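A.B. asks: Take this structure first; my questions come after.
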Amino acid sequence: MTTLPHPIRAEEAELPVHDARALTGNGIRARIELDGQSYTLRITRAGKLILTK
């Protein structure tokens, strides 16, 4: 079981969960598309997520 840094609010509990490491294929980058626009998801060395267009 994963310990979260803060309690999950009721509205957050209903959201789908996607593991960032799985999205990146255990790498550090993934391309995400939305309505024909392409974005890059990156995991930093510090373990933070950055989403850029």
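A.B. asks: So for Arg29, Arg21, what's the accessible-area order with a 1.4 Å probe, most first?
C.D. replies: Sorted descending by solvent-accessible area, the residues read Arg29, Arg21.
A.B. asks: About the Cα centre, and with charges only on the beta carbon of Lys, Arg (+1) and Asp, Glu (-1), how big is the dipole of the chain? Nearest 20 debye, please. Walk me through the numbers on the way to the answer.
C.D. replies: Numbers: 8 positive and 6 negative charges, 95 e Å.
Here the chain has a charge dipole of around 460 debye.
A.B. asks: Right, here's the next one. Run the accessible area of the chain with a 1.4 Å probe and give the carbon-and-sulfur part as a rounded percent.
C.D. replies: Ligands and nucleic acids excluded, carbon and sulfur give 54 percent.
A.B. asks: How large is the accessible surface per residue of the chain, computed with a 1.4 Å probe and reported in Å² as a whole number?
C.D. replies: Dividing the accessible area of the chain by its residue count gives 95 Å².
A.B. asks: Quick one: what do you get for the chain if you divide its Cα Rg by 2.2 N^0.38 Å?
C.D. replies: Scaled against compact globular proteins, the figure is 1.32.
The values are calculated or read from the model by the stated rules, or taken from the named source; none is laboratory data. Computed from a prediction, not measured in an experiment: that's the story for all the values here. Heads up, the Cβs are rebuilt from the backbone with ideal geometry, glycines too, and the neighbour counts pull from every protein chain shown. In case anyone asks, the SASA skips ligands and DNA or RNA and just uses the protein heavy atoms, side chains included. Shrake-Rupley method; radii C 1.70, N 1.55, O 1.52, S 1.80 Å.
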